[in-house]
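Accompanying notes for the structure given below.
The values are calculated or read from the model by the stated rules, or taken from the named source; none is laboratory data. The structure presented is a predicted model; accordingly, all values stated were derived computationally and were not measured. Heads up, the Cβs are rebuilt from the backbone with ideal geometry, glycines too, and the neighbour counts pull from every protein chain shown. With ligands, DNA and RNA removed, areas are computed over all heavy atoms of the protein, side chains included. Shrake-Rupley method; radii C 1.70, N 1.55, O 1.52, S 1.80 Å.
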Amino acid sequence: MSVFTRVTHEELSAWLKRYAIGTLTELHGIAAGIENTNYFVTTTHGRFVLTLFERLAAAELPFYLNLMAHLARHGVPCPAPIADRGDQYLGTLNGKPATIVTCLPGAPLTSPDAGHCEQVGAMLGAMHLAGKSYGGKLENPRGPRWWREAARAVMPFLDERRRALLASELEYQAQHHDLDLPRGPVHADLFRDNVLFEGERIGGVIDFYFAGIDALLFDVAVTVNDWCVDQAGEIGAERAGPLLAAYRRVREFTATELSAWPVMLRAAALRFWLSRLYDFYLPRPGELTHAHDPEHFRRVLEARRERPFPLV
């Protein structure tokens, strides 16, 4: 279970007195996720999710919490932070920054079909339009600067072939860093495990704690690289086509985005190969934590380098 900070029933009961959401009845750790500690919380008023932030500093968190509140107000089905009696979204619990948000219905899919991908594309487009009026400022924390830092940290663990691949891709991305693409708030981690389906419909989008300001096209590439790929890393048109078409019905791509698509697909693959390498080789101490296999996104990156998938 990815629980780094233990919270007892008694500790949370006392903490919840700051909120008008009833008294605690159940508390269960959530196994998914490797960045934060999460618990399902049931009170006499309903069900919520408690998050204790293990890496993010308190000063960074208003961007994420206010973004979720903004998107929820604009009809995006995402967790809405609950304000305490002092009208604050963020508190401190057991020495960690903490927040409590609404619990959304549904469960993640492991094998989405074309219809699911179509809904994800439409929802992502709606999220990008809603984000245009959000005033928060925070550059994507897992952007190019972090890529370079993470690469230096993991290089000693890689064999010659993987070191060469990583160095080559970092150089390629550096040559294309000045693309003039539409920017705004991006989820930046819209994988299958971060979209909840209730039956055949989206019940919610979760885990905005990698969000930031970046190219909107990067967010689309991250999404396609997970929802539409097979185990070999290849994008399947039967899922990517509906996802991209649904997105374009909500927000059309610019001419610059159309030409930059291969670069963004590679950038999105590089970002997640690096994060998985980092978590695999440099894990944090934690209680029954788990890290994803880095090799999957190595295959995705190699496939994007060799066989770019068309945007239209």
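With angles folded into 0 to 90 degrees, how steeply does helix 160-175 sit against the dominant principal axis of the chain? Use alpha carbons for both and round to 10. Relative to the chain, helix 160-175 is tipped by roughly 90 degrees. When Rg and the Kirkwood radius Rh are both evaluated on Cα atoms of the stretch 1-42, their ratio Rg/Rh stands at 0.99.
Each Lys and Arg adds +1 at its Cβ and each Asp and Glu adds -1 at its Cβ; summed about the Cα centre, the stretch 139-254 shows a dipole of about 140 debye. Among 158, 15, 123, whose Cα projects farthest towards the positive end of the dipole of the chain, with charges put on the beta-carbon of Lys, Arg (+1) and Asp, Glu (-1)? Going by the charge dipole, the pick is 15.
Write down Rg/Rh for the chain, rounded to two decimals, with Rg from the C-alpha atoms and Rh from the Kirkwood relation over Cα pairs.
0.96
Exposed loop sites here are trypsin sites (Lys or Arg not before Pro) assigned a DSSP state other than H, G, I, E or B and surrounded by at most 15 other beta carbons within 10 Å; excluding them, the longest clear run of the chain is 138-312.
What you get for the chain, charging only the Cβ of Lys and Arg (+1) and of Asp and Glu (-1), is a dipole of about 460 debye around the Cα centre. Applying 1/(1 + (r/R0)^6) with R0 = 45 Å to the Cβ-Cβ distance of residue 167 and residue 28 gives a FRET efficiency near 0.55. Set against the 2.2 N^0.38 Å expectation for a compact globular protein, the stretch 77-155 has a Cα radius of gyration ratio of 1.54. With the Cα gyration tensor of the stretch 107-149 giving a ≥ b ≥ c as the square roots of its eigenvalues, does the rule (a/c under 1.5 for rounded; else a/b larger than b/c for prolate; else oblate) give rounded, prolate or oblate? Oblate is the answer for the stretch 107-149, as a/c is 1.5 or above yet b/c matches or exceeds a/b. Take the Cα radius of gyration of the stretch 248-312 and divide it by 2.2 N^0.38 Å, N being the number of residues; the result is 1.46.
For the chain, a Gaussian network of Cα nodes joined below 10 Å ranks 185, 79, 112 by mean-square fluctuation, and the top entry is 112. For a straight C-alpha distance cut-off of 22 angstrom, the lysines reachable from residue 96 (same-chain residues fewer than eight places away being disregarded) are 17. Taking 14 Å as the straight-line reach from the Cα of residue 137, the aspartates and glutamates in range (excluding those fewer than 8 positions away in the same chain) are 60, 214. For the chain, the longest principal axis of the alpha carbon atoms and the long axis of helix 144-154 meet at an angle near 90°.
On a 0 to 90° scale, report how tilted helix 237-250 is relative to the longest principal axis of the chain, with both axes built from alpha carbons and the result rounded to the nearest 10. For helix 237-250, the angle is close to 70 degrees. Between residue 40 and residue 139, the C-beta separation translates, for a Förster distance of 30 Å, into a calculated FRET efficiency of about 0.40. The slack in the chain from residue 231 to residue 20, taken as 0.36 nm per residue of separation less the alpha-carbon distance, amounts to 71.3 nm.
Here the dipole of the stretch 68-171 is about 320 debye; that uses its Cα centre as origin and unit charges on the Cβ of Lys and Arg (positive) and Asp and Glu (negative). For the stretch 34-67, the residues whose amide N sits under 20 Å from a probe point set 7 Å from the Cα of residue 132 along the beta carbon direction are 67.
For the chain, the solvent-accessible area of protein heavy atoms averages 44 Å² per residue (probe radius 1.4 Å; ligands and nucleic acids excluded).
Applying 1/(1 + (r/R0)^6) with R0 = 25 Å to the Cβ-Cβ distance of residue 114 and residue 74, what FRET efficiency is obtained, to the nearest 0.05?
0.40
Lys/Arg Cβ at +1, Asp/Glu Cβ at -1, dipole of the stretch 167-312 taken about the Cα centre: which of 260, 173, 225 is farthest positive-ward? Projecting each Cα onto the dipole axis, the largest value belongs to 260. Put a dot 7 Å past the Cα of residue 58, heading toward its Cβ, do the same for residue 293, and the two dots end up 4.2 nm apart.
For the stretch 182-227, compute Rh as the Kirkwood radius over C-alpha pairs and then the Stokes-Einstein diffusion coefficient at 37 °C and 0.692 mPa s; write the answer in µm²/s, rounded to an integer. Using the Kirkwood radius from Cα pairs, D works out to 298 µm²/s.
With the full set of protein chains in place, find how many percent of the accessible area of the stretch 241-312 is carbon and sulfur; take the probe as 1.4 Å.
Carbon and sulfur atoms account for 58 percent of the accessible area of the stretch 241-312.
Globularity index of the stretch 1-159 is 1.18 (Cα radius of gyration / 2.2 N^0.38 Å, N = number of residues).
For the stretch 35-87, the Kirkwood estimate of hydrodynamic radius, built from reciprocal distances between every pair of different alpha carbons, is 12.5 Å.
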